[in-house]
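Here's the structure, in structure tokens; my notes come after.
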Amino acid sequence: MFSCIMNKGNVFKCLLNGKWIESNTGKRDKIFSPVDGTIVGEVQCISQQEAEEFIVTAKDAQKDWNNVAVNKRADVVHKAADILDREKETIAEVMVKEIAKNRKSSLSEIARTVDFMHFTAEEGKRVVGESLSSDSFPGFGKGKVSIVHRVPLGVILSIAPFNYPINLAASKVAPALMAGNSVVLKPPTQGAISSLYLGRVFCEAGVPPGVLNVITGQGREIGDYLVSHPHINMIAFTGSSKVGRHIAQIAGMKPMLLELGGKDAAIVLADADLDITASNIVSGAFSYSGQRCTAVKRVLVIESVADELIKRIIKLVNSLTVGNPQDDADITPLISDSAAEFVKELIDDAAEKGARLLAGNKIEGNLIYPTVFDNVTKDMRLAWEEPFGPVLPIMRVKNSEEAIEIANRSEYGLQSSVFTSDIDNAFKIASKLEVGTVQVNGKTERGPDHFPFIGVKSSGMGTQGIRYSIEAMSRSKAIVLNLK
Ligand code: NAP
Ligand code: G3P
């Protein structure tokens, strides 16, 4: 199954026009495991000159792909989901090594993606248009009928982040294919091998040559060329706010979906169920070592219940296992030394400014033990910056108004949670939060994947979620009948 995507010595190829190819430059990136520094494999560093062919062959293949009946396109996506499920153990093993995601979470990401692809295949058959009659507008008789249907945008550039190299690649590729587009997928360099396996899955499922091309290479080297290329008709990007803003500035006039950073707040009111709240906060803050955009990245708790909440949080944090993802440890090494160094900067700043350390602040290379600070204040970087690591700041507030003010002062606007037993009050607070989604009595999270997933402010642009993504990767086209 996978021998074609790599040659001896684990040198992985790129998918170009139905063939697995190596860069003519001979340049490659070595991918080392964040777990133990061993080499996972090598991936091609495709040059800008070579990148042109990935785009042009995608453009050439798109029209024929859109002429395939949507139920046949759905069959291919269903088949890809079945193949992904068949290969789950192999791919999970790669993810454990390549991105240090524990085995359980890697298998869970793959299972979630299988479901995503099946759901998308069916949903894609039901994204329809409408017809409008002119006489519903003043001054017009029945003489005109507008038949509105959806057409693909063309070539979708899909750029995925390291933390979900399967799900956040497929969540772009599958909707794009169902809408009749072709796709150029640019995986994260650290995560590229996992995503190349996904490319092979789609290949075996019968995606025609050129309809899906997978290009590897450093984003900082080929990214600008890809996003600004005139034959790229739409960009679906997930990654940091910094890169997202850069793409938005240079891409030119083309639609884009940007899924960026977050600083999701868990607001805890005095009438919250503290056991449910603590459990949601800990799993929301520390799964995949906090390397999720929707991770709970600050707790804003009413002073009167703070001690009781913290007691429950610390009990749960102390039960988290730390170590090797192969052993299903809860907390595993971060994706890179630089990521760990950044988290340490935020931890040191908070400690120096007087935050009270309740757990963690123990670091072994890029492995950071789950860290919790109480009494975090607004002058600390940890109150505002996104660590993308296992560190949780707790800020005590006097009332919900103060919590809303602090939550909204963030540059980010992905999600927030509100924990309370008064649902009316939860809705009142939710209506004032400047975010894409408010979770009531639950942790911040993207799933289930057919729900709309929205980021505002520095957290992104556009709405994802299966039907929303298909719509974002297509456009309306109207044909007006002028009746005699
Ligand atoms: P990142 O450094 O922004 O990289 C994301 C993707 O963009 C990678 O494939 C990267 O390729 C590529 N890239 C880098 N520079 C580029 C450029 N100039 N033009 C085009 N593409 C470029 O983010 P990350 O480290 O993978 O993920 C961590 C960040 O992403 C965090 O801020 C996190 O909050 C955010 N994130 C958000 C979501 C969400 O759903 N909102 C999900 C996951 C992650 P290379 O790997 O080759 O650099
Ligand atoms: O960071 C990835 C983002 O898409 C969050 O996904 O399902 O972990 O909330 P999830």
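So which residues in region 100-121 are open to solvent by 40 Å² or more (accessible area, probe 1.4 Å) and within 14 Å of Ser171 (Cα to Cα), if there are any at all?
Residues satisfying the conditions are Ala111, Arg112, Asp115, His118, Phe119.
Within region 6-39, take every residue that is basic (Lys, Arg) and in contact with a strand residue (DSSP E or B) (Cβ under 7 Å, 6 or more places away or on another chain) and give me the one that is most open to solvent (accessible area, probe 1.4 Å).
Applying the first criterion (basic (Lys, Arg)) to region 6-39 yields 8, 13, 19, 27-28, 30.
Next, from what is left, pick out any that are in contact with a strand residue (DSSP E or B) (Cβ under 7 Å, 6 or more places away or on another chain): 13, 28, 30.
Working: Lys13: 42, Arg28: 96, Lys30: 113 Å².
Checked region 6-39; the qualifying residue most open to solvent (accessible area, probe 1.4 Å) is Lys30.
Does region 416-442 hold any residues that are of a type in the set (Phe, Trp, Tyr) and open to solvent by 20 Å² or more (accessible area, probe 1.4 Å), and which are they?
Initially, region 416-442 is screened for residues of a type in the set (Phe, Trp, Tyr), giving 419, 427.
Once the filter is applied, which keeps residues that are of a type in the set (Phe, Trp, Tyr) and open to solvent by 20 Å² or more (accessible area, probe 1.4 Å), region 416-442 yields only Phe427.
Condition test on Ser182, is it within 16 Å of ligand 2 (Cβ to nearest atom) and of a type in the set (Gly, Ala, Ser)?
Numbers: within 16 Å of ligand 2 (Cβ to nearest atom): no; of a type in the set (Gly, Ala, Ser): yes.
So Ser182 does not fit the description; no.
Could you list, in sequence order, the residues of region 38-54 that are in contact (Cβ under 8 Å) with a residue 60 or more places away in the chain, among the polar types (S, T, N, Q) and closer than 19 Å to Val11 by Cα?
Gln44, Ser47 - these are the residues of region 38-54 that are in contact (Cβ under 8 Å) with a residue 60 or more places away in the chain, among the polar types (S, T, N, Q) and closer than 19 Å to Val11 by Cα.
List, please: which pairs have Cβ atoms under 8 Å, are six or more places apart or on different chains, and start with a residue in region 20-37 that is part of a loop (DSSP other than H, G, I, E, B) and end with one that is open to solvent by 100 Å² or more (accessible area, probe 1.4 Å)?
none
Just checking, how many residues over region 428-484 are touching a Phe, Trp or Tyr at 6+ places or on another chain (Cβ under 7 Å) and charged (D, E, K, R)?
Looking only at that region, the number is 3.
When both residues are 6+ apart or on different chains and their Cβ atoms are under 7 Å apart, which pairs have a first residue that lies in region 334-355 and is in a loop (DSSP other than H, G, I, E, B), and a second that is among the small types (Gly, Ala, Ser)?
Leu334/Ser289; Leu334/Ala340; Leu334/Gly389; Ile335/Ala100
Out of all the residues in region 150-180, which are more than 11 Å from ligand 1 (Cβ to nearest atom) and either loosely packed, with under 15 Cβ neighbours inside 10 Å or in a helix (DSSP H, G or I) (or both)? So that I can check it myself, show each step before the final result.
If we filter region 150-180 for residues that are more than 11 Å from ligand 1 (Cβ to nearest atom), which is where we start, we get 150-156, 166, 170, 172-180.
Val151, Ala170, Lys172, Val173, Ala174, Pro175, Ala176, Leu177, Met178 - these are the residues of region 150-180 that are more than 11 Å from ligand 1 (Cβ to nearest atom) and either loosely packed, with under 15 Cβ neighbours inside 10 Å or in a helix (DSSP H, G or I) (or both).
Hey, Ile250 hits all of (1) away from ligand 2 (no atom under 16 Å from the Cβ); (2) within 27 Å of Pro188 (Cβ to Cβ); (3) buried (at least 24 other Cβ atoms within 10 Å of the Cβ); (4) not charged (D, E, K, R) but one; which does it fall short on?
Here Ile250 meets the rest and fails (3).
Is at least one residue of region 234-243 touching a residue at least 40 places away in the same chain (Cβ under 8 Å) and away from ligand 1 (no atom under 12 Å from the Cβ)?
The answer is yes; a qualifying residue exists.
Taking the conditions exactly as written (modelled with pLDDT of 95 or more, within 16 Å of ligand 1 (Cβ to nearest atom) and more than 20 Å from Phe162 (Cβ to Cβ)), does Arg292 satisfy them or not?
Working: modelled with pLDDT of 95 or more: yes; within 16 Å of ligand 1 (Cβ to nearest atom): yes; more than 20 Å from Phe162 (Cβ to Cβ): no.
When the stated conditions are applied, Arg292 does not pass them.
In region 378-397, what residues are more than 16 Å from ligand 1 (Cβ to nearest atom) and open to solvent by 60 Å² or more (accessible area, probe 1.4 Å)?
Correct list: Lys378, Asp379.
Identify, from the list Val305, Val243, the residue that is part of a helix (DSSP H, G or I) and within 15 Å of ligand 2 (Cβ to nearest atom). Walk me through it before giving the result.
On the way: Val305 fails: within 15 Å of ligand 2 (Cβ to nearest atom).
None of the other options fit; the residue is Val243.
Report the residue count in region 311-327 for those that are among the polar types (S, T, N, Q), over 15 Å from Leu357 (Cα atoms) and in a loop (DSSP other than H, G, I, E, B).
Kept after step one, since they are among the polar types (S, T, N, Q), are these residues of region 311-327: 318-319, 321, 324, 326.
Filter once more, so that each one left must be over 15 Å from Leu357 (Cα atoms): 319, 321, 324, 326.
Applying the additional criterion that residues be in a loop (DSSP other than H, G, I, E, B) yields 319, 321, 324.
The total comes to 3.
Hey, could you check region 181-218 for residues that are of a type outside the set (A, V, I, L, M, F, W, C) and part of a helix (DSSP H, G or I) and say which is nearest to ligand 1 (Cβ to nearest atom)? Before the answer, list the steps.
First pass over region 181-218, keeping only residues of a type outside the set (A, V, I, L, M, F, W, C): 181-182, 186-191, 194-195, 197, 199-200, 204, 206, 208-210, 213, 216-218.
Applying the additional criterion that residues be part of a helix (DSSP H, G or I) yields 194-195, 197, 199-200, 204.
Numbers: Ser194: 12, Ser195: 9, Tyr197: 16, Gly199: 14, Arg200: 18, Glu204: 24 Å.
Only one residue fits best here, namely Ser195.
The values are calculated or read from the model by the stated rules, or taken from the named source; none is laboratory data. Small disclaimer: the values here were computed from a predicted structure and weren't measured. All Cβ positions, even for glycine, are placed from backbone atoms using ideal geometry, and neighbour counts span all protein chains on display. Please note that ligands, DNA and RNA were not included when accessible areas were found on the heavy atoms of the full protein model with its side chains. Shrake-Rupley method; radii C 1.70, N 1.55, O 1.52, S 1.80 Å.
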